[in-house]
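What follows is a single structure, written as structure tokens, with notes after it.
The values are calculated or read from the model by the stated rules, or taken from the named source; none is laboratory data. Everything numeric here is computed off the predicted structure, so don't read it as measured data. Note that each Cβ is placed from the backbone with ideal geometry, even for glycine, and that neighbours are counted across all protein chains shown. The protein model used for the area step is the full one, side chains on, heavy atoms only, and it has no ligands, DNA or RNA in it. Shrake-Rupley method; radii C 1.70, N 1.55, O 1.52, S 1.80 Å.
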Amino acid sequence: MSVCFSSLYNSLPGRARTQTQAGLKLAQPTQNAPTKQKLNADTPFAGAATTPRRRLVHVSSVPRSSPPAPPRATPPLATMLQSKSFVKKTKQGRIQKVVREHYLRDDIYCGFVPCSACDTAAERKLDAAAAAILVVDTNVVLHQIDLLENPAIEDVVLLSVVLDEVKNKNLAVFNRIKALCTNKARRFYVFANEQHRDTYVKDMVGESSNDRNDRAIRVAARWYQSHLGGSVKVLLITNDRDNKRKAIEEGLNAETVESYVRSLAQPGLLDLVVVSTSGDVTMEDVEDHRPSKKKVIYSEHKPMSEITSGLRCGIYHQGKLRVNRYNPFEAYVGSESIGDEIVIRGRSNMNRAFDGDIVAVELLPQDQWHESKSFIADDDEEEEEDVHLVPNSADDAPRNTSSTQSTVGSSAPSVSSRPLGRVVGIIKRNWNSYCGSLQPMPMPAGSGGVAHALFVSKDRRIPKIRIQTRQLENLLNKRIVVAVDSWDVLSRYPSGHYVRTIGDIGDKETETEVVLIENDINTRPFSTQVLACLPPLPWTLSPDDLANPNRQDLRHVRVFSVDPPGCRDIDDALHCTLLPNGNFEVGVHIADVTNFVHPGTPLDEEAAQRGTSVYLVGQRIDMLPKPLTEDVCSLRADVERLAFSVIWEMTPDADIISTRYTKSVIKSCAAMSYVEAQARMDDSRLVDPLTVDLRNLNSLAKIMRQRRCERGALTLASAEVKFEIDSETHDPLDIGIYQIREANQMIEEFMLAANISVAEKILKHFPLCSLLRRHPSPTKEMLEPLLRTASSVGLNLDVSSSKALAESLDNAKRDDPYFNKLIRILATRCMTQAVYFCSGDLTFSEYYHYGLAASLYTHFTSPIRRYADVVVHRLLAAALEIAKLPPIFQDGPQLTGIADNLNYRHRNAQMASRASVELHTLIYFRTRPTDTEARIVKIKANGFIVFVPKFGIEGPIYLTPKGDKGGDWVVDEVHQRVTKPGTNISYAVLQTVRIHMEVVEPQPHRPKLQLTLI
């Protein structure tokens, strides 16, 4: 392998060091020439030698992509030793000059296969049959990474000066180019030009760092040209006009990206070329030149100097922009400076900001803080509101910043209590690649030319993107990936470029891949480095495991598991033993994943990055390799497994007498499904020990659940959908709401208890670095939709605390048997999601879990599928003094970063799961038009939103033709009713209506589920 990026900062192996020292005849150890190897903080492409007495770094080794050649004559020391100096600001604010000595060498390989000047034993990557060796500059890597990833681009030299600059400017792109360099199937070679005597360049007086780096790239290209002696063409690829001119003047071959790609005679590749907006070398302008398009549509973004000053003075406010998932013309910016969320309405006020951008916002004058009339979205810019799963939290639900008319017949807008603003600048972009399809359009006259098309993302929060393509006919009915390049003030849409085709629109595999890409789910196979961390298979319990004094042998205990049907990654098992004193010993046994996943290993790093397993309909994307998830760690029946156990002594009234924690060895006697466990408990004829254990656990769980609810824990409701899947086609055969049984609630209760017990233990020992989970209390504004709906049906809900809300929900009863569950579903969507956090980042009062009414909570019970639990297992082991706490727990910012990534991954996994259910719902109804009952859950000016209990989905019902903003219908906000004046026709919230469900294609190859009133 040409370069080992997993150990970029490591020194060479001993043999290479010996060759280097012998070949260069290093001086005896002195203050200026030590021989001890140490990493060099300056560059990821060399090891280093250093001395403790002076701030000097001698570069004496190079990356594995450039191993040393045989010994040569020793050049003068002065030519091999250079010094670098720079100034830096210390933490105390002082300016300090740093001098570093830079040791050069002349034995770094070029990487070209037929090169005779380099050691024939060296690993090569640049092909002898290559038409040209490409040397690319920094901007080509930063902006053309999609092109570089295409297999048509090979034999590329990546200079260390380029990679250093890329890493500093865009870590995501650096990781992608790193993957190319480490891929044995690709011919990308890293050359350490900054360590080579003939390619290192000194800084010149008055020269900018950018100009110095451009010069270094030209020098390296010239060295390659001279070194290879014309045996192959060396081509510098740059879109910088000045750099290209200087290269040609210096006798180098240089081309722009576009001209080189054109020379390959593969027209499709040109779609991947990013349009330059720098004013250097430009491609054909893709903007529409009609006069109406040349007017200024958006305001210029303020320069960063003005933004910084404005933030300091309180004129501007900084925050992350989040676009409403159900209304792409409304966004929100959480601002710490004003302690509130700023609402941004309309594309103009969003001012070219994308969802996830860090933006600077200016508040609008308060007399402009008007609420607007609420409609079901139907704009010529966007499709109308889609049918979707019922939200499980406020994060999934449509936002309610816009209210409808508050008085019958009134058209005057009301003043909002929430600030409205507009984006004045982008502090940090969040542009990504997006999945979607091209807007249907007629084929242009002729063929093979450049066509301008609009890309429509599957994610409604993303605006349409203008691209140019030479393969329009092949893309029109495909799901494709597009990346954003720029967004000019003169353009209604951002400009981007085609990246790749996923597959046919509507194809299940294609649409599933879209779901995974949209939610940033890692589906790559586990690498050989990760798989090398697994224990030898088949794994069996070793004598060392049993002899470990920190591990208790519980194989004699009657342990069992209860999980969803077909579960193979069994995280948890339980036991319940009656003690002689009449109490119960209850144990929760969790797979001891950390026995196999060690800190800092490739396996651990991969699990930390993935964060969680992802569950789609009929598919699971694992956080850990299958040998661990389904075999070695899974607590399957009748096999000996390692566990981490929480064991309580409980009275028959479920009072906890004592708690202990231990690593253990268990042998489960049964792996039951929820249905099987429930059937055992319900069958009075069964009195076997296992069934008795289940009944005892269930009795304890009911008492524990009742106490939790009395403390204020919320019993919310969701509409979780389940499918019956065809074993051959994998298409859905049936759909329905997942039934929650007592067995489900029993297992949930003991998992909650174990999590709370572990949270208390780890926080006691590690008050500043424990990973916990909190559920923020909902704000009054978040609860407003629930209160408004309840009030309209004569229900008074007390939301002053979780306990008050829980009691109100218990008392919310009507003759309608479904009424209470519907109210609980509406309450669920008002809650924010629970999040992971580091205990040192918040005060104790902020640790509170609102939904559980628990002062402390964490996740311990699912380490096979959640990395948070792996972290907590390590904390618990350290608290019990059976393992050392990994060093990462001393790094507060890194712990916070882990928590942030876990929240991001957990959120994305949930969204992917929901999207997979929505996809299979669409597939199911393609051939099954259905009439069914629905409940109105939200009134709009031109219709209402209904919830379909049988299928767990909700969607719009239009009362007026699409495009008609309300017509004759009038909304009574107080009573949540929409009425047609002069008639007795009206519809009220929570009313039952009959609807027809059918998949339609309003546009070719764009199937969607449509709901209509019967």
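Residue by residue, the range 494-506 carries 3J(HN,Hα) couplings of x, 9, x, 9, 5, 10, 6, 9, 8, x, 6, 4, x Hz when phi is fed to the Karplus relation 6.51 cos²θ - 1.76 cosθ + 1.60 (θ = phi - 60°); x denotes Gly or Pro. By accessible area, using a 1.4 Å probe on protein heavy atoms only, the range 433-519 has 46% of its surface on carbon and sulfur.
Using a simple spin-label model with pseudo-atoms 7 Å out from Cα toward Cβ, Ala172 and His765 lie 3.9 nm apart. Computed 3J(HN,Hα) for the range 155-161, one whole-Hz value per residue from the Karplus formula 6.51 cos²θ - 1.76 cosθ + 1.60 where θ = phi - 60°, is 6, 10, 9, 9, 7, 4, 5, glycine and proline marked x.
Backbone amide hydrogens, once placed in the peptide plane, bring Thr832 within less than 5 Å of Ala394, excluding anything fewer than 5 places away on its chain.
Kirkwood hydrodynamic radius, the range 552-694, all distinct C-alpha pairs: what's the number in Å?
On the way: mean 1/r = 0.0604 Å⁻¹.
Here the Kirkwood hydrodynamic radius works out to 16.5 Å.
May I ask you to list the residues of the range 986-1014 whose amide nitrogen lies under 20 Å from a point 7 Å from Cα along the Cα→beta-carbon direction of Arg814? Residues 986-995, 1014 qualify, since their backbone N sits under 20 Å from the label point.
Taking the range 98-267 as the region of interest, what is the percent of Cα-Cα pairs per 5 angstrom bin, listed from the shortest bin to the one with the maximum distance? It works out to 1, 8, 17, 22, 23, 16, 8, 3, 1, 0, 0, in whole percents.
With no solvent and one equal point scatterer placed on each C-alpha of the range 170-217, evaluate the Debye formula and give log10 I(q)/I(0) for q = 0.21 Å⁻¹, two decimals. Normalising to I(0) and taking log10 leaves -0.87. Think of each Lys and Arg Cβ as +1 and each Asp and Glu Cβ as -1; about the Cα centre, that makes the dipole of the range 591-710 roughly 220 debye.
Using a Förster distance of 60 angstrom, determine the FRET efficiency expected from the C-beta separation of Asp798 and Leu733, and round it to 0.05. Plugging the Cβ-Cβ distance into 1/(1 + (r/R0)^6) gives 0.85.
Note on Asp968 and Val99: the model spin-label points, each 7 Å out from Cα along the C-beta direction, lie 9.1 nm apart. Stretched out straight at 0.36 nm per residue, the stretch from Gln366 to Arg555 would grow longer than its current Cα-Cα span by 61.1 nm.
Considering only protein heavy atoms and a probe of 1.4 Å, how much of the accessible area of the range 654-727 is carbon and sulfur, as a whole percent? Please list the in-between numbers first.
On the way: 1810 of 3700 Å².
Carbon and sulfur: 49 percent of the exposed surface of the range 654-727.
With contacts taken as Cα pairs under 8 Å and at least 6 residues apart, the range 98-267 reaches a relative contact order of 24 percent. Centre-to-centre separation between the Cα atoms of the range 192-261 and those of the range 808-874: 58 Å.
Run the numbers for Gln609 and Ala117: contour at 0.36 nm per residue of separation, minus the present Cα-Cα distance, in nm. Can you show the working numbers first?
Values: separation 492, 0.36 × 492 = 177.12 nm, distance 4.23 nm.
Roughly 172.9 nm would be gained on extension.
Suppose R0 equals 56 Å. What FRET efficiency, 1/(1 + (r/R0)^6) with r the Cβ-Cβ distance, do Ser259 and Cys567 give to the nearest 0.05? The calculated FRET efficiency here is 0.50.
Here the range 823-861 is scanned for amide nitrogen atoms under 16 Å from the site 7 Å beyond the Cα of Arg418 along Cα-to-Cβ, giving 829-833.
Thinking of the range 658-811 as a set of Cα atoms, what percent of all their pairs are more than 18 Å apart?
Working: 8767 of 11781 pairs.
Summing the P(r) of the range 658-811 above 18 Å gives 74 percent of all pairs.
Label separation (Asp545 vs Ser684): 4.3 nm, computed from points 7 Å beyond Cα along the C-beta direction.
With R₀ fixed at 56 Å, the C-beta to C-beta distance from His452 to Arg741 puts the FRET efficiency at about 0.50. Here the range 157-246 is treated as an ellipsoid with the same Cα gyration tensor; its semi-axes, largest first and in whole Å, are 21, 19, 13.
Structural descriptor for the range 929-1013: relative contact order 31 percent, calculated from alpha carbon pairs under 8 angstrom and at least 6 residues apart. By the Kirkwood approach, averaging reciprocal distances over each pair of separate Cα atoms, the range 433-519 gets a hydrodynamic radius of 13.2 Å. Sequence-ordered 3J(HN,Hα) estimates for the range 726-738 from the Karplus curve with 6.51, -1.76 and 1.60 and θ = phi - 60° stand at 5, 5, 9, 7, 6, 8, x, 9, 8, 9, x, 7, 5 Hz, glycine and proline given as x. Distance distribution note for the range 505-553: the fraction of Cα pairs above 17 angstrom is 65%.
What number, in nm² with one decimal, is the all-direction average of the projected area of the convex hull of the alpha-carbon atoms of the range 929-1013?
Working: hull surface 24.0 nm².
So the mean shadow area of the Cα hull is 6.0 nm².
Gain in length, Lys626 to Val993, computed as 0.36 nm per residue apart minus the alpha-carbon separation, to one decimal in nm?
Working: separation 367, 0.36 × 367 = 132.12 nm, distance 4.69 nm.
Gain on extension, Lys626 to Val993, equals 127.4 nm.
What percentage of all Cα-Cα pairs in the range 665-725 are separated by more than 15 Å? The calculated P(r) of the range 665-725 puts 67 percent of pairs beyond 15 Å.
Give the carbon-plus-sulfur fraction of the accessible surface of the range 781-831 in %, rounded to a whole number; probe 1.4 Å, heavy atoms of protein chains only.
Details: 1070 of 2260 Å².
Summing carbon and sulfur atoms, their accessible area is 47 percent of the total for the range 781-831.
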